[in-house]
1. Express in whole angstrom the spacing between the alpha-carbon centres of the range 394-421 and the range 697-743.
2. Taking a ≥ b ≥ c as the square roots of the Cα gyration tensor eigenvalues, with a/c under 1.5 meaning rounded and otherwise prolate when a/b beats b/c, else oblate, which class fits the range 175-375?
3. Using unit Cβ charges (K, R positive; D, E negative) and no other charged atoms, how large, in debye to the nearest 20, is the dipole of the range 175-375 about its Cα centre?
4. What is the dipole size for the chain, taken about its Cα centre, with +1 at each Lys and Arg Cβ and -1 at each Asp and Glu Cβ, in debye to the nearest 20?
5. Which distance in Å, rounded to a whole number, links the C-alpha centroids of the range 173-206 and the range 435-474?
6. Round to the nearest 0.05 the FRET efficiency obtained for Q384 and T283 when R0 = 60 Å and r is the Cβ-Cβ distance.
7. With the dipole of the chain worked out from charges on the C-beta (+1 for Lys and Arg, -1 for Asp and Glu) around the Cα centre, which of L681, L40, Q732 lies farthest toward the positive end?
8. Please state the charge dipole magnitude for the range 34-176, taken about the Cα centre, from unit charges on C-beta atoms (+1 on K and R, -1 on D and E), reported in debye and rounded to the nearest 20.
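Read-outs throughout are calculated quantities, based only on the coordinates presented, and are distinct from any laboratory measurement. For clarity, every value in this text was computed on a predicted model and none was experimentally measured. Neighbour counts are summed over all protein chains in view; Cβ atoms, including those assigned to glycine, are modelled from backbone coordinates with ideal geometry.
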Amino acid sequence: MQKRYIQFLLGLILLPCAALAQNQGWTVYGGIGGDHYSTLTQIDRTNAKNLKQVWRYDTGDAGILQNTPLIAGRMLYGVTYGEKVIALDATTGKLIWRFDPGVSGSQPVRGACFWQDGGKGRLLVGIMNFLFELDAETGKPVETFGQSGRIDLREGLDMDPKRATVAMTTPGVIYKDSIIVGFRAPETHPAPHGDIRAYDLKTGRMKWTFHTIPHPGEPGYETWPEGAWKNAGAANAWAGLTVDAARGMLFAATGSAVDDFYGGDRAGNNLYANTLLALDAETGRKIWHFQGVHHDIWDRDFPAAPVLATVLHDGKRVDAVAQPTKQGYLYVFDRVTGQSLFPIEEMKVARSDVPGEVSSPTQPHPLAPEPYARQVLTEDDLTQRTPEAHAWALEQFRAMKVGTAQFTPLALDQQTIVTPGYDGGAEWGGPAIDRKTGVLYLNAQEIVTTGALTDNSKPHGPGMTVYLSQCAVCHGEQRLGSPPEFPSLLGVTKRLSNPQIEALIHGGKGRMPSFPNIQGDLLAQMEDFLRTGEDTGPKVTGSQGRRSPAPGTPAAAAANPHGAELFSQNCAVCHGAQATGVPPVFPTLIGVAERLSEPQIADILKDGRGRMPSFAKLSDADRASLVRYLGAGPLPEEKKELEAAGEVHSRYRFTGYRRFFDPEGYPASATPWGTLNAIDLNTGKYLWRIPFGEYPELVAQGMPNTGSANYGGPIVTAGGVMFIAATVYDRQFHVFDTSDGKLLWHTELPYGGLATPATYMIDGKQYVVIAAGGGKDPKHALGGSYIAFALP
C-alpha cells in the first residue's frame with residue numbers, strides 16, 4: 001500500500017494538473033473544451049504504421065463498453081460493463097484497485113471526472129442514478145461527499161424520486177469547486193424534468209439548478225401550454241457538457257421533450273428542449289440559447305456535447321462553439337455572443353396532419369457547412385447491392401410516406417422515411433478539432449429508419465397498456481423489436497427468469513433506461529403480457545382514450561353533471577344546448593376532442609378565440625370539468641385506472657424504431673452507410689469525406705468501402721493523426737492522416753471498439769488506449785477489454 005501511494009503521489013507531483021490535461025495525461029473526458037485533441041507528437045504520420053499492442057486488461061464483464069478512460073499520473077481509470085470502477089497501471093494494464101458501487105444496473109458509463117483536492121486526486125463517476133466521489137489512489141468513497149460518498153440524482157427533481165428514471169451515462173464537467181451534471185431520461189412519460197445542476201465538489205451540496213423546462217415566471221415558459229410544465233418531462237442534457245473555464249461559461253446541449261413523437265399535449269416551441277445553452281457556470285444563469293428543433297416530434301436530440309474551437313472568421317480570430325446534430329447539420333457560433341458564424345434560415349417545413357398535433361411551420365436550417373448526412377431518400381438512393389434487394393427496397397419505399405426535405409412529420413398507421421435515422425447523423429461520440437488548424441473531424445451514420453404513429457385510445461389490460469406506453473417505442477407493438485439494436489421480446493420469458501426480467505426493467509441495460517415506476521401488480525401483469533402476448537386484466541385507456549359521451553346528450557349530463565351545468569351556463573348561448581352550434585359563426589362542438597387536444601381546448605377556454613370570450617373567470621377545476629364534458633379528458637374514475645396502468649399520456653403513440661434494412665440485414669439505402677468527414681470551421685468547406693466501416697463478408701464478395709454503422713468518436717493529435725475505432729462490423733481500430741483521410745494503420749480488435757479512445761505519455765512513451773466490448777453485431781460475441789498500443 002505504501003509503495004502504491006508513493007507511486008501515485010510521484011505521478012501527480014511530476015505531472016501538474018495543466019500538463020496532465022493538455023500534454024501527458026487525459027484527465028478530462030473529451031479533452032479540454034471537448035475538442036478530443038492531444039498535443040502529443042510521438043506517434044505521427046511517418047511511424048503510425050509501426051504501432052503494436054503493449055497491454056490488454058480483460059474486465060471479466062461481457063457487454064458494450066462505451067467508456068473513454070481517464071489517465072492521471074501513472075494511473076488509468078475506467079468502468080466495466082457491470083459498472084465496476086477500475087484503476088490500472090497505465091503502462092502495463094495491471095489492476096491496482098476495483099470499486100464495486102453495490103448498485104445493480106448496466107447503463108453505459110462513457111467517462112468520469114478527475115480533480116485534485118489539494119494534493120489528493122478525486123474521481124467522480126456516475127453509476128445509474130448515483131454520483132460517486134472516490135479517492136483516486138485507493139478507490140474508496142470520499143465519506144464527506146453527499147451521503148457516504150455519493151449523491152442520488154433522482155432527488156431534487158419535479159417528481160417522486162422513487163419513480164424517476166435517471167442515469168448519468170455521460171460525465172459532468174468541473175468548474176472551480178463545482179461539478180455540473182446532466183442525465184439520461186426516458187423517451188416517454190413518466191419522465192423527470194431534465195434540470196442541469198451544480199454540486200459542491202467537497203460536500204455534494206446542490207448549488208444551483210437550471211430548469212430546461214421553465215417554471216412559471218421563467219423565460220421560455222410561454223413556449224409551452226399553461227401549466228404543462230407540471231407533467232412535461234425530459235429536455236435533458238444527456239450527451240454531455242463543456243466548460244470554458246476562462247470565461248466561466250457552461251455549454252449544454254439538450255434533447256427532446258417527452259413524448260418524443262407526439263406533441264399534442266405540449267403545443268409550442270418547447271424551450272429549452274433541443275437547445276444549445278450557454279450558462280454562467282457559477283450561477284446557472286442563462287447567457288444565450290439556440291434551439292435547433294422547434295417542437296421536436298422526431299427524437300432529434302442534440303446527440304453530442306458542444307465543442308470549443310478558435311477559428312478565423314472574416315479575418316478575425318473568433319472563439320467559437322460547434323454543435324453537431326442527428327439531422328446532419330453542423331452549427332458554429334461565437335461562444336460569447338451566440339451569433340452564428342454561418343447563415344441560418346428558418347425553413348418552411350411540412351405540417352403534421354395528425355389530429356391534435358400542432359407542429360412548427362418552420363425549422364432552423366444552416367446554409368453552411370453542407371449537411372454531412374443524406375437529407376432525403378429517393379428511389380435513386382435505394383440499395384443496388386443485389387437486384388433482389390433493390391426490388392424489395394423499391395416495393396417497401398413506395399408503400400411509405402416519403403418527404404422531400406428534412407422534418408417530414410410521421411404519418412398515422414403508415415411508415416414514414418426518416419433520414420438521417422434516429423441515431424443520426426452524428427452520435428454521442430462527437431467530433432474532434434485540431435486546435436492548430438480549426439478543422440473538425442466527425443464520423444457520421446447514413447442509416448435510414450422509419451416510424452409511424454397509431455391511435456392510443458383502444459382500451460387494454462394494465463400489462464399491455466404499460467408495455468405499449470413505455471416499451472413499444474423500442475421493441476414495437478408486436479414485441480418483434482428491430483434487432484440487433486432493439487431485440488425481439490418474443491419468448492423472452494423462456495430466455496430469462498422473472499427476477500432477471502425485473503432486474504432489467506428496474507436497472508436498464510445499454511440503451512434501455514430503467515423503469516422504477518413499474519412495480520407491484522403492474523409489474524406482474526406486464527410480465528404476464530410478455531409471457532403470453534395476451535391482453536388480459538381490466539381494460540384501461542390512455543388520456544385520449546375512452547371519452548366522455550358526446551356533449552349535449554343525456555349520457556354526457558349523467559356522466560358529468562357539473563360539466564353539463566357549466567356548459568349550459570357559459571357555452572350553450574352560442575353553441576346550443578346540444579352543442580351543434582350555428583356554423584360557420586358558432587362551430588359545432590360535437591367531436592371537438594377529435595380535432596383539438598385537451599391542453600388546446602383548455603387554452604381556448606382560458607384565453608378565448610375570435611368572437612369567443614375568455615373564460616379565465618372559471619377556476620382550473622371548473623375548466624377541467626368542462627374539458628371532460630366536451631369529451632377531451634378522462635373521467636375522474638378513469639384517472640385512478642390510468643395511474644395504476646403506468647400513466648399513459650399521449651393520444652397517439654409511436655409504433656417503434658425501425659431500420660430500413662433489406663431481408664438479409666443490410667441497409668436498404670445506397671452506400672455509403674457511414675462516413676468520416678473533415679470540415680474546415682474557418683470556411684465551412686469540406687476538406688475530405690470518405691466511407692467509414694465495412695462488412696467483412698461483403699468485402700469478400702467484392703463490395704468494399706460500403707461504410708457502416710459507427711458508435712464512438714475520434715481523437716486527433718498534434719502529430720497529424722486521428723485515432724478512431726467505432727465501426728460495428730469490422731471491429732477495426734484505425735489511424736488516419738488528418739490532412740487527407742489516408743488510412744495509415746489499422747488492426748482488428750477482439751471485440752468492437754464502440755467508444756472514443758484516449759492518448760497519453762508516460763516515461764517518454766506515447767500510448768493510445770481503446771475500450772472494446774463489442775455489441776450491435778449479433779454475429780460476434782461480447783467481451784470487455786481495455787487495450788493499449790504504442791510504438792516499439
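1. Cα centroid of the range 394-421 versus Cα centroid of the range 697-743: 30 Å apart.
2. In terms of gyration-tensor shape, oblate.
3. About 580 debye.
4. Magnitude of the dipole: close to 1260 debye.
5. The two parts, judged by their Cα centres, are 24 Å apart.
6. Result of the calculation: an efficiency of 0.60.
7. Farthest towards the positive pole: L40.
8. Using Cβ point charges on Lys, Arg, Asp and Glu, the range 34-176 gives about 460 debye.
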